[in-house]
Each structure stands twice: as C-alpha cells, then as structure tokens.
Amino acid sequence: MTDRIDIRLMVNRRDVTLCVAPQTLLVELIREHLGLRGTRQGCDTAQCGACTVLMDEAPVKSCNLLAVQADGTAILTVEGLAGEDGSLHPLQRAFNECHALQCGFCTSGMLMSLLPLTTAGTLPYEQQLRELLDGNLCRCTGYAGIIKAAQQTLMSARDSDPLHSEYERAT
C-alpha cells in the first residue's frame, strides 16, 4: 500500500485539504479528486497546454507537476474565472466574441495562459502574444481569433484603467 500525503491548497479561492498518493499529478487532483473538468488532460507530456492552470498566479502545466508540489499554493482553474454571479470573465467573453474557440478542448489552457496579461497593464505586440502561447496547441482556430481576443481584452482593460485614461488626457 502506498503512503498517502496530506496537502492543503487554495483552489478557486476555496481552502482544500486532501490526502493523495505521492505520484498523483496535479491535473488528476483537479479533475478526479475535485471534479473540475474544465482543465483538460491532453498530451501528458506538457506540450499541448490544455492542462494549464495558474499556480500562485503563474501559468503551469498541471500534467507535469505532482499534486504534492502544489502543497500550500493557490490554484486557479478555468472554473474560477467566472464572477460570483456566474458572469464570464472579460477574456472568456472576448474568446466568444472573436470566435477564438471551436471544439473548446484547448480553450481553458489558452485562457489560463493569457490571464496574467489582463492585470499586467501592458499591451504586447502580436508576436509577443504568440510567443506567450508557445506550448499551447490549437488544432481548430489557427490562432487568429485567440490573438484578437487577447488584444481586445487587453485594450478594454487599458481603456477602463483610470490611471491610463488620465495619462492619455494629459499627453
């Protein structure tokens, strides 16, 4: 019998304590133990990005991490993006408006990879966005809608930032 290890996480802003086998992958914990199926299990080699979640606000590929490595961290999955009232995150709305998804398999990983940009306060060039998404594979969209959705969200965030708007008026 395998020893089990107690781990404590904050998942989607909720404290979670679980007892897991040492070889349990973070993606397994998220999907099987917590029932959060938005995080996809694709290639199991950390190449497709479908399993991307945020760990302490940084994108990580959950198929490549043991659950015990996440002990004490804050994990955000795609299910945690929605507002308290169930409203979509602006990035999710932009994905819908810009036709940035088709089959949806890669969508959660794309969203989670792009999410940190929405609070960064910068507007990266298209090439920088493409580099950021390196390691996130989409077989349906051709990435144009994904890039457009990211740009639309970042522009909206910038335009709604009172500090940025005041700077624009002053210059």
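Assorted remarks:
- Hey, residue 143 more than 17 Å from the chain's Cα centre (by Cα), aromatic (Phe, Trp, Tyr) and either open to solvent by 30 Å² or more (accessible area, probe 1.4 Å) or at pLDDT below 90 (or both) or not: no
- Within region 55-71, restricting attention to residues that are open to solvent by 60 Å² or more (accessible area, probe 1.4 Å) and among the charged types (D, E, K, R), the residue that is farthest from residue 116 (Cα to Cα) is 71.
- If you go through region 98-112 and keep only what is polar (S, T, N, Q) and over 19 Å from residue 53 (Cα atoms), you end up with just 102.
- Pair list, Cβ < 6 Å and 6+ apart or interchain, from region 5-32 residues that are under 28 Å from residue 84 (Cα atoms) and of a type in the set (D, E, K, R) to residues that are open to solvent by 70 Å² or more (accessible area, probe 1.4 Å) and in a strand (DSSP E or B): 8/17
- Taking every residue in region 98-122 that is at pLDDT below 85 and pairing it with any residue that is open to solvent by 20 Å² or more (accessible area, probe 1.4 Å) and assigned to a helix (DSSP H, G or I), at least 6 positions away or on another chain, the pairs with Cβ-Cβ distances below 6 Å are 118/157.
- Residue check for residue 74: surrounded by 22 or more Cβ atoms within 10 Å (Cβ to Cβ), touching a residue at least 60 places away in the same chain (Cβ under 8 Å), over 12 Å from the mean Cα position of the chain (by Cα) and closer than 21 Å to residue 17 by Cα: no
- Hits in region 1-42 - residues which are part of a loop (DSSP other than H, G, I, E, B), within 16 Å of the chain's Cα centre (by Cα) and surrounded by 12 or more Cβ atoms within 10 Å (Cβ to Cβ): 12, 36, 37, 38, 39, 40, 41, 42
- Subset tally (residues that are surrounded by 14 or more Cβ atoms within 10 Å (Cβ to Cβ) and farther than 15 Å from residue 110 by Cα) for region 45-54: 0
Every residue, every condition in (1) among the hydrophobic types (A, V, I, L, M, F, W, C); (2) at pLDDT below 95, yes or no:
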position: 3; (1), (2): no, yes
position: 14; (1), (2): no, no
position: 26; (1), (2): yes, no
position: 33; (1), (2): no, no
position: 41; (1), (2): no, yes
position: 44; (1), (2): no, yes
position: 47; (1), (2): no, yes
position: 55; (1), (2): yes, no
position: 66; (1), (2): yes, no
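- Condition met for residue 94 (closer than 19 Å to residue 118 by Cβ and open to solvent by less than 50 Å² (accessible area, probe 1.4 Å)): yes
The values are calculated or read from the model by the stated rules, or taken from the named source; none is laboratory data. Owing to the predicted nature of the structure, the values given are computational and were not obtained by experimental measurement. In this analysis, Cβ positions are derived from the backbone assuming ideal geometry, glycine residues included, and neighbour counts consider all displayed protein chains. We work out accessible area using only protein heavy atoms, side chains counted, and drop any ligands, DNA or RNA first. Shrake-Rupley method; radii C 1.70, N 1.55, O 1.52, S 1.80 Å.
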